[in-house]
1. For the condition part of a helix (DSSP H, G or I) and open to solvent by 100 Å² or more (accessible area, probe 1.4 Å), what is the one hit in Glu31, Glu78?
2. Of all residues in segment 34-57, which are surrounded by 10 or more Cβ atoms within 10 Å (Cβ to Cβ) and among the hydroxyl-bearing types (Ser, Thr, Tyr)?
3. Could you please let me know if Gln28 is more than 30 Å from Asp87 (Cβ to Cβ) and modelled with pLDDT of 90 or more?
4. Would you check which residues across segment 81-91 are modelled with pLDDT of 90 or more and open to solvent by 60 Å² or more (accessible area, probe 1.4 Å) and list them?
5. Restricting to segment 63-75, give me the number of residues that are assigned to a helix (DSSP H, G or I), open to solvent by 90 Å² or more (accessible area, probe 1.4 Å) and among the charged types (D, E, K, R).
6. With in a helix (DSSP H, G or I) and over 24 Å from Ser84 (Cβ atoms) as the only criterion, which of Ala39, Ala19 stands out?
7. Suppose the filter is closer than 30 Å to Ala35 by Cβ and at pLDDT below 90; does Thr50 pass it?
8. For the structure I just gave you, tell me whether Thr60 is in a strand (DSSP E or B) and either among the hydroxyl-bearing types (Ser, Thr, Tyr) or at pLDDT below 90 (or both).
Amino acid sequence: GVAKPGPLDRMLSDQKLKADQAQAARRQADEAQHATLKADNCLRAKRSKTALDSGARLSTTNAQGERELLDETARAVEARRLQSIIDSECQ
């Protein structure tokens, strides 16, 4: 015959269920955090792209901490970079 599950079997089964539930909760929290970060990245990139596309004079800070105006080449590079962020984060 088949042995009836004893208290140890039930305890192990309960522990596995709790571990599975905890793992699912962690995964859900990670996914929610990831979605929030994606939405934030999307919004920031869209705002930056709007500013860039407006034609306003934009500057950046170089490694020495000095402000530098973006020239047309730098603007084009930044526009491509922002568009790639928008493409990947704004879905």
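1. Residue meeting the stated conditions: Glu31.
2. Going through segment 34-57, the residues surrounded by 10 or more Cβ atoms within 10 Å (Cβ to Cβ) turn out to be 34-53.
Within segment 34-57, Thr36, Ser48, Thr50 qualify.
3. Criteria not met by Gln28.
4. Those that are modelled with pLDDT of 90 or more and open to solvent by 60 Å² or more (accessible area, probe 1.4 Å): Arg81, Gln83, Ser84, Asp87.
5. The number of residues fulfilling the criteria is 1.
6. On the way: Ala39 fails: over 24 Å from Ser84 (Cβ atoms).
Going through Ala39, Ala19 in turn, just one is in a helix (DSSP H, G or I) and over 24 Å from Ser84 (Cβ atoms): Ala19.
7. Values: closer than 30 Å to Ala35 by Cβ: yes; at pLDDT below 90: no.
In short, no.
8. Here the answer is yes, as Thr60 does meet what is asked.
The values are calculated or read from the model by the stated rules, or taken from the named source; none is laboratory data. This one's a predicted model, so the numbers in the text were calculated from it and none came from an experiment. For neighbour counting, all protein chains shown are included, and Cβ atoms are generated from backbone atoms with ideal geometry for every residue, glycine included. Only protein heavy atoms, including side chains, enter the accessible area calculation; ligands, DNA and RNA are left aside. Shrake-Rupley method; radii C 1.70, N 1.55, O 1.52, S 1.80 Å.
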